[in-house]
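One structure below.
Bear in mind that the values in this text are calculations on the coordinates, not laboratory data. Everything numeric here is computed off the predicted structure, so don't read it as measured data. Please note: Cβ atoms are built from the backbone with ideal geometry, for glycine as well, and neighbour counts cover all protein chains shown.
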Amino acid sequence: MELVKAVYTATRQFPKDELYGLTSQLRRAAVSIPSNIAEGCGRNSRNELHHFLGQARGSLAELETQLELAKGLGYLDAAAASVLLSKADQLGRMLTGLRAWSTKEAAG
């Protein structure tokens, strides 16, 4: 959720003509991450949790790509992009751990 808030804050400064472009894409990818985690936790099996954690990981990869693009286009300065990418990296490590746990739990 913290990453979502940080993305929303950062994208407020993007050009207005990007509102329905990169701004929207970044925000949707960011929101998709905790949404998929929540959906997986609400399901009835570890296999489904594992699946939705994978979906969250995919959305995170999409977000990281879009952050790099925003930096390359000059919409994010290097420092702001670094902070967001660092948060994304931390979240990615957490998701990897959760997926490993869900696999062990599903098998055992």
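Do you know which residues across the range 1-13 are surrounded by fewer than 12 Cβ atoms within 10 Å (Cβ to Cβ) and either of a type in the set (Val, Ile, Thr) or not in a helix (DSSP H, G or I) (or both)? It would help to see each step written out before you state the result.
Initial filter on the range 1-13 (surrounded by fewer than 12 Cβ atoms within 10 Å (Cβ to Cβ)): 1-2, 5, 9, 12-13.
If the condition is that a residue be surrounded by fewer than 12 Cβ atoms within 10 Å (Cβ to Cβ) and either of a type in the set (Val, Ile, Thr) or not in a helix (DSSP H, G or I) (or both), then MET1, THR9, ARG12, GLN13 are the ones that fit.
Those residues that are closer than 19 Å to VAL83 by Cα and either surrounded by 15 or more Cβ atoms within 10 Å (Cβ to Cβ) or of a type in the set (Ser, Thr, Tyr) (or both), I need them from the range 35-68; list them, please. Walk me through how you get there before you give the answer.
Applying the first criterion (closer than 19 Å to VAL83 by Cα) to the range 35-68 yields 57, 59-68.
Of everything in the range 35-68, those that are closer than 19 Å to VAL83 by Cα and either surrounded by 15 or more Cβ atoms within 10 Å (Cβ to Cβ) or of a type in the set (Ser, Thr, Tyr) (or both) turn out to be ARG57, SER59, LEU60, GLU62, LEU63, GLU64, THR65, GLN66, LEU67.
Tell me yes or no: at least one residue of the range 14-24 is under 19 Å from LYS87 (Cβ atoms) and part of a helix (DSSP H, G or I). Write out each step before concluding.
Of the range 14-24, the ones under 19 Å from LYS87 (Cβ atoms) are 14, 22-23.
Okay, now just the ones that are also part of a helix (DSSP H, G or I), so 22-23.
Checking the range 14-24: at least one residue is under 19 Å from LYS87 (Cβ atoms) and part of a helix (DSSP H, G or I).
Contact map, the range 57-74: first residue in contact (Cβ under 8 Å) with a residue 40 or more places away in the chain, second residue surrounded by 13 or more Cβ atoms within 10 Å (Cβ to Cβ) and assigned to a loop (DSSP other than H, G, I, E, B), Cβ cut-off under 9 Å, separation 6 or more or different chains; pairs are LEU67/LEU76; LEU69/TYR75; ALA70/PHE14; ALA70/LEU76.
Hey, can you tell me all the residues within the range 6-39 that are of a type in the set (D, E, K, R), within 18 Å of THR65 (Cα to Cα) and without any contact (Cβ under 8 Å) to a residue 24 or more places away in the chain?
Across the range 6-39, the qualifying residues are ARG27, ARG28.
Out of everything in the range 69-100 that is of a type in the set (Ser, Thr, Tyr) and closer than 23 Å to TYR8 by Cα, what residue ends up being surrounded by the most Cβ atoms within 10 Å (Cβ to Cβ)? Please lay out each step first, then the result.
Looking only at the range 69-100, we keep the residues that are of a type in the set (Ser, Thr, Tyr), and these are 75, 82, 86, 96.
When the remaining residues are screened for being closer than 23 Å to TYR8 by Cα, the result is 75, 82, 86.
Details: TYR75: 20, SER82: 13, SER86: 10.
Of everything passing the filter in the range 69-100, TYR75 is surrounded by the most Cβ atoms within 10 Å (Cβ to Cβ).
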